[in-house]
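Below: the structure, in structure tokens.
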Amino acid sequence: MAERSNHQSEQEVVVVLGASPKPERYSFKAVKLLAEYGHRVLPVNPYHREVAGITCVAGLDQLNEKVDTVSVYVRANLLVNDLAKLIALAPRRVIFNPGTESDEMMAALAEAGIACEEACTLVLLRTGQF
């Protein structure tokens with residue numbers, strides 16, 4: 001059984017942007033671990049129907065609920081196309097996983113009042129910092 005963070009009392013809605021159905025990919029592992037930790041996971045990928053048994057949403061603009069966290073697994077040069085949609089979604093925070101970091105994107109999100117961090121979702125979960 002996965003150890004849960006002590007400060008996590010409510011289920012968070014977490015978008016995994018760029019979720020992959022390939023079990024060896026970190027985005028797949030994040031979807032599974034977030035679900036194991038009791039979060040409501042919304043994998044976003046226009047090219048796949050499901051990830052880890054959870055139905056994918058094709059794009060950020062198709063989400064119509066409050067999102068707490070977006071965990072990014074898309075390179076910055078591709079993410080720039082979704083910046084306006086990400087800002088419109090207005091999550092509480094965006095986590096840029098290793099390899100997705102972008103000072104420009106983080107600045108734009110921060111200007112919109114969205115907290116950003118460069119971190120690994122898997123490490124945050126495992127260490128109780130999520």
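The values are calculated or read from the model by the stated rules, or taken from the named source; none is laboratory data. The shown structure was predicted, so the numbers you read here are calculated from the model rather than taken from an experiment. Don't worry about glycine lacking a Cβ; one is built from the backbone with ideal geometry, like all the others, and counts go over all protein chains shown. The accessibility values were calculated without ligands, DNA or RNA, using every heavy atom of the protein model including side chains. Shrake-Rupley method; radii C 1.70, N 1.55, O 1.52, S 1.80 Å.
Taking the stretch 49-64, which residues are open to solvent by less than 70 Å² (accessible area, probe 1.4 Å) and either small (Gly, Ala, Ser) or not in a strand (DSSP E or B) (or both)?
Ala52, Gly53, Cys56, Ala58, Gly59, Leu60, Leu63
Take Pro21 and tell me if it is surrounded by fewer than 19 Cβ atoms within 10 Å (Cβ to Cβ), modelled with pLDDT of 95 or more and either touching a Pro at 6+ places or on another chain (Cβ under 8 Å) or under 23 Å from Pro98 (Cβ atoms) (or both).
In short, yes.
Can you name the residue in the stretch 24-48 that is hydroxyl-bearing (Ser, Thr, Tyr) and closer than 18 Å to Ala119 by Cβ and is also surrounded by the most Cβ atoms within 10 Å (Cβ to Cβ) among such residues?
Per the criteria, the residue is Ser27.
Charged (D, E, K, R), at pLDDT 95 or above and closer than 18 Å to Phe130 by Cα - does that describe any residue in the stretch 80-94?
Yes, the conditions are met somewhere in the stretch 80-94.
Taking interchain pairs and intrachain pairs at least six residues apart, which have beta carbon atoms under 6 angstrom, with the first residue in the stretch 21-33 and polar (S, T, N, Q) and the second buried (at least 18 other Cβ atoms within 10 Å of the Cβ) and not in a loop (DSSP other than H, G, I, E, B)?
Ser27/Val16
Given the residues Val123, Val67, Val80, which is the only one that is among the β-branched types (Val, Ile, Thr), touching a helix residue (DSSP H, G or I) at 6+ places or on another chain (Cβ under 9 Å) and closer than 23 Å to Gln11 by Cβ?
Matching residue, one of Val123, Val67, Val80: Val67.
Of all residues in the stretch 75-130, how many are within 22 Å of His39 (Cα to Cα), open to solvent by 50 Å² or more (accessible area, probe 1.4 Å) and assigned to a loop (DSSP other than H, G, I, E, B)?
Final tally of qualifying residues: 4.
Would you be able to tell me the number of residues in the stretch 12-48 that are part of a strand (DSSP E or B) and aliphatic (A, V, I, L, M)?
Qualifying residue count, the stretch 12-48: 8.
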